[in-house]
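Encoded as structure tokens, the structure appears first; notes follow it.
The values are calculated or read from the model by the stated rules, or taken from the named source; none is laboratory data. Only a predicted model underlies this, so the values are computations on that prediction, with no experimental measurement involved. Every residue, glycine among them, receives a Cβ derived from its backbone with ideal geometry; neighbour counts consider all protein chains shown.
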Amino acid sequence: MHEMALAESVIQIVEETARKSAAAAVRAVWLEIGRLSHVEPEALRFAFDVVKRNGPAHGARLEIVATEGAAWCMKCSRTVTLARLGDACPHCGSYQLQVTAGDEMRVKEIEVD
Amino acid sequence: MCTTCGCGQSDTRIEGVHVHEHVHADGTVHRHSHDHADPHGHGHDHGHHDHGHEDLHYGRGPAGAHAPGMSQARMVQIEQDILGKNDALAAANRKRFAALGIFAVNLVSSPGSGKTTLLVRTIEALKGRRDIVVIEGDQESSFDADRIRATGAPALQINTGKGCHLDAEMVGKAVERLAPPAGSVLMIENVGNLVCPAGFDLGEAHKVVVLSVTEGEDKPLKYPDMFRRSSVMLLNKVDLLPYVEFDVAQCIEYARRVNPDIRVIEVSATKGQGMSEWFGWIEYGAQTAAAARGESVDAMKARLAELESQVAALKSMLP
């Protein structure tokens with residue numbers, strides 16, 4: 001539900017970068033969104049389509065690269081994959097997990113004219 | 001607007017003052033209030049990691065998915081956290097709290113868990129021992145801030161309008177107005193919502209999630225982000241346990257699945273059960289924050305004394 005605020009942050013970063021690099025238009029925006037982050041990609045796409053209007057990114061395509069979740073398992077003493085928060089270690093079944101990757105939300109790059 | 005609740009950011013008000021968003025001719029979006037005495041002004045306070053990698057990479061396609069080739073297109077690397085601006089403002093809030101030895105707590109929950117009643121009882125119990133200052137976040141109305149003010153504690157209402165969470169900028173502005181005294185406790189009651197406030201750091205020392213036994217015990221698994229980011233889970237309304245189907249042990253087990261370190265305190269804000277443990281947790285946090293400030297003040301005093309003696313020594317060498 002906070003995807004609107006996130007989309008506004010994205011468009012701020014994108015428009016400022018476009019202005020600094022003297023771009024006429026933004027063709028595409030590449031985001032990296034972790035599978036464990038609190039973002040619903042479809043809601044973010046919808047919000048992005050709203051906030052991009054009337055600016056240099058009005059015609060921009062949104063590309064979302066999903067990054068996998070990972071956690072450090074205290075019992076196994078190693079990094080394991082984690083599909084969802086609240087899941088157990090796929091190897092030992094323990095919940096003693098510390099998320100190490102997959103909660104990132106980044107603007108990676110933009111393609112401009 | 002949001003697909004689910006229609007939330008946007010443009011209707012934010014802090015105690016009746018509108019916080020507006022303007023799109024400038026150059027495309028930048030500014031969000032600011034009409035309070036122009038605001039020292040944050042219209043500045044773009046970006047994070048330390050911002051703009052560090054704005055190198056231009058011509059003709060390099062991302063992940064080999066496409067190549068600009070014949071067109072004028074080029075790739076501009078950004079590598080910025082989407083919430084970088086909020087995080088930078090939260091860091092500024094945190095620095096301000098540390099400088100004043102303020103213990104800031106971000107109270108989160110779904111609507112109706114009893115956050116405001118809990119706050120009222122906490123203020124009444126700690127009255128005379130500890131200054132408590134409150135920021136209330138709600139979409140509309142000042143009912144909650146009015147309830148807090150009735151206890152005698154300073155409170156400021158932030159109306160987020162269509163927004164579904166507080167952000168660091170709103171809290172920074174509210175703190176400027178409230179000016180909480182050194183060594184006080186700042187309670188930030190976030191918008192009742194177990195989803196959106198999870199991602200927005202306000203500069204608090206801890207998030208405390210309130211869950212009442214009239215809700216489901218599976219909420220920690222339904223809304224794992226919030227429980228993962230909270231230091232404490234207050235299980236409220238435990239006086240109602242005889243009348244509701246709520247498995248306390250199961251709930252705690254679910255909460256520990258998403259956050260093995262979460263501390264659980266079972267309370268009844270209305271009947272007082274378990275509240276002394278909660279007050280103890282606040283008092284410990286407040287003392288720790290005040291002591292950390294004391295240490296830094298002592299360190300500064302020692303450094304000042306050292307510099308003064310050096311100045312005196314240098315002066316004595318002058319003809």
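Points worth noting:
- Restricting attention to the stretch B:71-87, the residues that are crowded, with 18+ Cβ neighbours inside 10 Å and small (G, A, S) total 2.
- Qualifying position, being at the interface with chain B (Cβ under 8 Å from one of its Cβ atoms) and not in a loop (DSSP other than H, G, I, E, B), among A:E32, A:E8: A:E8
- Scan of the stretch B:296-318 for residues that are surrounded by 12 or more Cβ atoms within 10 Å (Cβ to Cβ) and modelled with pLDDT of 90 or more, ordered by number: none
- In the set (1) free of Cβ contacts under 8 Å to residues at least 60 places away in the same chain; (2) surrounded by fewer than 19 Cβ atoms within 10 Å (Cβ to Cβ); (3) not in a strand (DSSP E or B), B:S268 fails one condition alone, (2).
- The strands (runs of 3 or more DSSP E) located wholly in the stretch A:62-113 that include 1 or more residues which are closer than 27 Å to B:Q80 by Cα and more than 8 Å from chain B (Cβ to nearest Cβ) occupy A:70-73, A:78-81, A:97-101.
- Here the stretch B:97-120 is the region considered, the condition is being of a type in the set (G, A, S) and buried (at least 24 other Cβ atoms within 10 Å of the Cβ), and the residue that is farthest from B:M170 (Cα to Cα) is B:S113.
- Count of the stretch B:196-235 residues which are within 30 Å of B:A99 (Cα to Cα), basic (K, R) and in a helix (DSSP H, G or I): 2
- Per the listing B:R263, B:R293, the residue uniquely surrounded by 13 or more Cβ atoms within 10 Å (Cβ to Cβ) and under 23 Å from A:M74 (Cα atoms) is B:R263.
- Top-ranked residue of the stretch B:121-144 - restricted to ones that are surrounded by 20 or more Cβ atoms within 10 Å (Cβ to Cβ) and part of a helix (DSSP H, G or I), ranked as farthest from the chain's Cα centre (by Cα): B:R121
- Output for the stretch B:58-116, where each listed residue is aromatic (F, W, Y) and either touching a Cys at 6+ places or on another chain (Cβ under 7 Å) or at pLDDT below 80 (or both): B:Y58
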